Amino acid sequence: EAKSAGRDTARFFTPEIDLHTRERQVIEQYLRLALANQEMSVHYQPRVDARSLNVVGLEALLRWHHPVLGAVSPARFIPVAEETGLIHPIGQWVIQQACEQIDRWRRAGLPPMVVSVNLSAAQMNDPGLVGHLQSCLRANRIEPASLELEITESQIMDNAAASGELLQAFKALGVQLSIDDFGTGYSSLAYLKRFPIDKLKIDQSFVRDLLSDPADLSITRAIIALGHNLGLGVVAEGVETAEASEQLKALGCDELQGFYFARPMPAAQLEPWLRERQAPLERRRNLASSR
Ligand code: C2E
Ligand code: MG
Ligand code: MG
Ligand code: MG
């Protein structure tokens, strides 16, 4: 009976809504098996120091490749993972991957880099999150400050009291905290002084048209000033051109991330990329010191 009621209701759906619902159901069904079937991987996107252009950090970005659906973007499956609670095991897996990778890069003798991991709203409710972070840091003997958590303003504001405690718990572990997509959430700026935040990441929507839209330039300049006045580092994401990179450097932005420097890539691809990038920098340094 419930089934036939379901069919009757379905008739009133517009085709688009129906399609959307079915797509979600398909994603949910496949997502349940994704970790077990090893369809998930983590890519890393470099972040450079605006002045030296040295790579100082990497953002861990989750990738899902399903044998039938192909590559599914996080924008499509993260919301489904959040609704179903699958974000807990998936999110914990990303943290574990990032920590193991930090350890591998250290053993390989790569220069120290901070790896950041995105946390979504539902993960903030995972009672096992802090314990999981702590055991991943320990198991891989990681300097806690080399792990960074990216959180959005809306996530903090949704439950400011609970978030305050959680952020303090993160801070007690020694990890770094950044506000992702800064400037797009609804928020009170008061949280910036109350919570132990280290960095602001200017949202890409302000960076995209930085050179053509005076409003975006004003907003970007204001975010950099606000961050610096509060003693926070400021990162720009979505840097796609040399011109944007120069402009952000001139504005005093600390770190830059975007396709102009590198796309997110698998760890195996990152190592040769880093070596190739470092080589000319080192040759220049050696030349300078031999003079
Ligand atoms: P985000 O945290 O703001 O990540 C930055 C997004 O911008 C990434 O998209 C990245 O590939 C893209 N991007 C980087 N540079 C450029 C650029 O120059 N131009 C343009 N147009 N885009 C650029 P991606 O990987 O598709 O991730 C989308 C969002 O999904 C992320 O936004 C993040 O909120 C979420 N996400 C990704 N991985 C995870 C994860 O492991 N856990 C959670 N909870 N969320 C994740
Ligand atoms: Mg992010
Ligand atoms: Mg994010
Ligand atoms: Mg972002």
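The values are calculated or read from the model by the stated rules, or taken from the named source; none is laboratory data. All values derive from a computational prediction rather than experimental measurement. Glycine gets a Cβ as well: all are built from the backbone with ideal geometry, and neighbour counts include every protein chain shown. Quick note on the areas: whole protein, heavy atoms, side chains included, nothing else; ligands and nucleic acids left out. Shrake-Rupley method; radii C 1.70, N 1.55, O 1.52, S 1.80 Å.
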Would you be able to tell me the number of residues in segment 153-206 that are within 12 Å of ligand 4 (Cβ to nearest atom), aliphatic (A, V, I, L, M) and at pLDDT below 90? 0
Considering segment 245-256, residues that are aliphatic (A, V, I, L, M) and buried (at least 21 other Cβ atoms within 10 Å of the Cβ), and then whichever is farthest from the chain's Cα centre (by Cα), we arrive at Leu248
Single condition Val68 does not satisfy, out of (1) away from ligand 1 (no atom under 16 Å from the Cβ); (2) of a type outside the set (S, T, N, Q); (3) outside any helix (DSSP H, G or I); (4) within 20 Å of Pro266 (Cβ to Cβ): (4)
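Would a scan of segment 96-117 turn up a residue that is among the acidic types (Asp, Glu), modelled with pLDDT of 95 or more, under 16 Å from the mean Cα position of the chain (by Cα) and at negative phi? Reasoning before the result, please.
Looking only at segment 96-117, we keep the residues that are among the acidic types (Asp, Glu), and these are 100, 103.
Narrowing the set further to residues that are modelled with pLDDT of 95 or more leaves 100, 103.
Narrowing the set further to residues that are under 16 Å from the mean Cα position of the chain (by Cα) leaves none.
Among the residues of segment 96-117, not one is among the acidic types (Asp, Glu), modelled with pLDDT of 95 or more, under 16 Å from the mean Cα position of the chain (by Cα) and at negative phi, which makes the answer no.
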Glu240 - would you say it is part of a loop (DSSP other than H, G, I, E, B) and either on the phi > 0 side of the Ramachandran plot or surrounded by fewer than 16 Cβ atoms within 10 Å (Cβ to Cβ) (or both)? yes
Within segment 25-37, is there a residue that is open to solvent by less than 10 Å² (accessible area, probe 1.4 Å), in a strand (DSSP E or B) and farther than 24 Å from Arg141 by Cβ? no
Looking for whichever is open to solvent by less than 50 Å² (accessible area, probe 1.4 Å) and within 16 Å of ligand 3 (Cβ to nearest atom) here; the options are Leu217, Leu192, Leu200, Leu210. Which one fits? Leu200
Please verify whether Gly174 is away from ligand 1 (no atom under 16 Å from the Cβ) and either farther than 21 Å from Ala236 by Cβ or surrounded by 20 or more Cβ atoms within 10 Å (Cβ to Cβ) (or both), treating the condition exactly as stated. yes
Residues of segment 43-54 that turn out to be open to solvent by less than 20 Å² (accessible area, probe 1.4 Å) and in a strand (DSSP E or B), as a count: 5
Does Gln97 fit the bill of being within 16 Å of ligand 2 (Cβ to nearest atom), touching a residue at least 12 places away in the same chain (Cβ under 8 Å) and buried (at least 18 other Cβ atoms within 10 Å of the Cβ)? yes
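Somewhere in segment 267-278, is a residue among the small types (Gly, Ala, Ser), surrounded by 14 or more Cβ atoms within 10 Å (Cβ to Cβ) and closer than 20 Å to Lys201 by Cβ?
Within segment 267-278, none of the residues are among the small types (Gly, Ala, Ser), surrounded by 14 or more Cβ atoms within 10 Å (Cβ to Cβ) and closer than 20 Å to Lys201 by Cβ.
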Of the conditions (1) buried (at least 21 other Cβ atoms within 10 Å of the Cβ); (2) more than 16 Å from ligand 4 (Cβ to nearest atom), the single one that Met113 does not satisfy is (1)
Tally, over segment 153-191, of residues that are closer than 25 Å to Ala215 by Cα and touching a residue at least 12 places away in the same chain (Cβ under 8 Å): 15
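Kindly indicate whether any position in segment 120-132 is among the polar types (S, T, N, Q) and farther than 20 Å from Phe195 by Cα.
no
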Tally time: how many residues in segment 209-237 are hydrophobic (A, V, I, L, M, F, W, C) and either in contact with a helix residue (DSSP H, G or I) (Cβ under 7 Å, 6 or more places away or on another chain) or part of a loop (DSSP other than H, G, I, E, B) (or both)? 8
Taking first residues from segment 210-237 that are within 16 Å of ligand 4 (Cβ to nearest atom) and second residues anywhere that are open to solvent by 60 Å² or more (accessible area, probe 1.4 Å), the pairs with Cβ under 7 Å that are 6 or more apart or on different chains are Asp216/Asp209; Val234/His228; Glu237/Gln204
Determine which single condition Gln247 fails, assuming it passes every other condition in (1) farther than 30 Å from Ile95 by Cβ; (2) part of a strand (DSSP E or B); (3) polar (S, T, N, Q). (2)
